[in-house]
Amino acid sequence: MNYIDRELDFAAAATFGGATSCVEIECGDDAFFLCDMGSGLQHFGRDAAALCRRGRRAKFNVFLSHMHWDHIMGFPSFLPAFDDATTIVIHSCHDDAENALRRQHDEVSHPVPFDSLAAQISFVTMIPGQPFEVDGMKVTAMQQDHPHASFGYCFTDSVDRRIVYSTDSEHRIDNMDREDAFAAFFRDAELVICDTMYSLAATNSSQEDWGHSSNIVAIDLCRLAGAKRLALFHHDPFHSDDEIQRMHDDSIRYEELTRVGAPLEVLCAYDGLEIAL
């Protein structure tokens, strides 16, 4: 094990995994905070149900970036939703969020109807740019460039630490006013979880207008914003572990070569990653 930890890179020693987007933010409050409900929600739900059985408050505040299936597909198998002691509040900036979740419980797609779920489930429609306070956390949403629109979220705790979740967002160098707005949204964040699905070349050619961004743009935005850490996120499902590892290595080198001032720590997300701030 010591050899593996010391001598091998991550792709050789482990795997980045293949779960779709689901991120938990722990803020010290006893309520759960989640960003998106991709396939990773199933594993999280089992762990959360065990915590609730041991006395953890069974309230889940969910913030959805958008309604594409890879971001909601975990909900039908979310174990706490079958417990009548659970409260689930689903926040989004889409007025069709409830319809999207109900639709994947239709008989043609899933055997368990939405209305048979035992949990108390409610929906809150947020307004981008207007801070929303819930269970000790201030949350602000920002619209992003993605088909059917997606929204990033900035979470600020009681001591003004900030985490930004910004996935499924395409950044365009021909609209710098928009990019300045993102730099302000990322400002001084302890951590930015950012869409880096493609290389910069791909976002400007074959994958242009697909609603995703690159590692290079993410680093430039985080540096401009004075963010402390960047997590490369929403990896291309066609990329192998080795290709993801190379993108991470290239990102670290780019950050070092272009660094001015304080360093930006560049992490690479994988299933089960925990980051302490």
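The values are calculated or read from the model by the stated rules, or taken from the named source; none is laboratory data. All values reported here derive from a predicted model rather than from experimental measurement. Backbone-built Cβ (ideal geometry, glycine too); neighbour counts: all protein chains shown.
Any idea which residue in region 29-61 is surrounded by the fewest Cβ atoms within 10 Å (Cβ to Cβ), counting only those that are assigned to a loop (DSSP other than H, G, I, E, B) and over 19 Å from the mean Cα position of the chain (by Cα)?
Arg54
Looking only at residues that are assigned to a strand (DSSP E or B) and of a type in the set (A, V, I, L, M) in region 73-103, which one is surrounded by the fewest Cβ atoms within 10 Å (Cβ to Cβ)? Please lay out each step first, then the result.
To start, the set of residues in region 73-103 that are assigned to a strand (DSSP E or B) comprises 87-92.
Next cut, of a type in the set (A, V, I, L, M) only: 88-90.
Working: Ile88: 22, Val89: 17, Ile90: 21.
The qualifying residue surrounded by the fewest Cβ atoms within 10 Å (Cβ to Cβ) is Val89.
Go through the residues of region 101-115 one by one and say whether even a single one is in contact with a Lys or Arg (Cβ under 7 Å, 6 or more places away or on another chain) and either more than 29 Å from Ser158 (Cβ to Cβ) or of a type in the set (D, E, K, R) (or both).
Taking region 101-115 first, the residues in contact with a Lys or Arg (Cβ under 7 Å, 6 or more places away or on another chain) are 114.
Among the residues that remain, those that are also either more than 29 Å from Ser158 (Cβ to Cβ) or of a type in the set (D, E, K, R) (or both) are: 114.
Within region 101-115, one or more residues are in contact with a Lys or Arg (Cβ under 7 Å, 6 or more places away or on another chain) and either more than 29 Å from Ser158 (Cβ to Cβ) or of a type in the set (D, E, K, R) (or both).
Quick one: in region 152-201, which of the residues that are among the basic types (Lys, Arg) and at pLDDT below 90 is surrounded by the fewest Cβ atoms within 10 Å (Cβ to Cβ)? Give the derivation first.
Taking region 152-201 first, the residues among the basic types (Lys, Arg) are 161-162, 172, 178, 187.
Now restrict to residues that are at pLDDT below 90: 172, 178.
Numbers: Arg172: 15, Arg178: 12.
Across region 152-201, the extreme among qualifying residues is Arg178.
Are any residues in region 233-277 of a type outside the set (S, T, N, Q), assigned to a loop (DSSP other than H, G, I, E, B), out of contact with any Phe, Trp or Tyr (no Cβ under 9 Å at 6 or more places or on another chain) and within 16 Å of Val217 (Cβ to Cβ), and if so, which ones?
Scanning region 233-277 gives His234, Leu264.
In this structure, is Asp70 free of Cβ contacts under 8 Å to residues at least 40 places away in the same chain, surrounded by fewer than 20 Cβ atoms within 10 Å (Cβ to Cβ) and under 26 Å from Ser169 (Cβ atoms)? Walk me through how you get there before you give the answer.
Values: free of Cβ contacts under 8 Å to residues at least 40 places away in the same chain: no; surrounded by fewer than 20 Cβ atoms within 10 Å (Cβ to Cβ): yes; under 26 Å from Ser169 (Cβ atoms): yes.
No: the conditions fail for Asp70.
Quick one: count up the residues across region 123-153 that are at negative phi and of a type in the set (Gly, Ala, Ser).
Summing the residues that are at negative phi and of a type in the set (Gly, Ala, Ser) in region 123-153 gives 3.
Could you please tell me which pairs satisfy a Cβ distance under 8 Å, a separation of 6+ or placement on different chains, a first residue in region 142-156 that is farther than 11 Å from Ser65 by Cα, and a second residue that is crowded, with 20+ Cβ neighbours inside 10 Å and acidic (Asp, Glu)?
Taking only residues 6 or more apart or on different chains, the pairs are Asp145/Glu170.
So which residues in region 157-172 are free of Cβ contacts under 8 Å to residues at least 60 places away in the same chain and not in a loop (DSSP other than H, G, I, E, B), if there are any at all?
Hits for region 157-172 are Arg162, Ser166.
Name the residue, out of Arg6, Arg46, that is among the basic types (Lys, Arg) and modelled with pLDDT under 95. So that I can check it myself, show each step before the final result.
Numbers: Arg46 fails: modelled with pLDDT under 95.
Of Arg6, Arg46, the one residue that is among the basic types (Lys, Arg) and modelled with pLDDT under 95 is Arg6.
Answer yes or no as to whether Leu230 is in contact with a helix residue (DSSP H, G or I) (Cβ under 7 Å, 6 or more places away or on another chain), at pLDDT 85 or above, within 18 Å of Ser65 (Cβ to Cβ) and in a strand (DSSP E or B).
Judged against the criteria, Leu230 is a match.
Which of the residues spanning region 33-58 are within 27 Å of Ser109 (Cα to Cα), of a type in the set (D, E, K, R) and in contact (Cβ under 8 Å) with a residue 12 or more places away in the chain?
If the condition is that a residue be within 27 Å of Ser109 (Cα to Cα), of a type in the set (D, E, K, R) and in contact (Cβ under 8 Å) with a residue 12 or more places away in the chain, then Asp36, Arg46 are the ones that fit.
Residue by residue, here is whether (1) at pLDDT 95 or above; (2) loosely packed, with under 14 Cβ neighbours inside 10 Å holds:
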residue	(1), (2)
Asp241	no, no
Met247	no, no
Thr258	no, yes
Ala262	no, yes
Leu267	yes, no
Gly272	no, yes
Ala276	no, yes
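When region 43-67 is examined, which residues are found to be in contact with a Ser or Thr (Cβ under 6 Å, 6 or more places away or on another chain) and over 19 Å from His235 (Cα atoms)? Explain how you work it out, then say what you get.
Taking region 43-67 and keeping what is in contact with a Ser or Thr (Cβ under 6 Å, 6 or more places away or on another chain), we get 58-59, 64-66.
Those that are in contact with a Ser or Thr (Cβ under 6 Å, 6 or more places away or on another chain) and over 19 Å from His235 (Cα atoms): Ala58, Lys59.
Take the residues in region 104-146 that are over 27 Å from Ser77 (Cα atoms), out of contact with any Phe, Trp or Tyr (no Cβ under 6 Å at 6 or more places or on another chain) and hydrophobic (A, V, I, L, M, F, W, C); name whichever of them is surrounded by the most Cβ atoms within 10 Å (Cβ to Cβ).
Phe132
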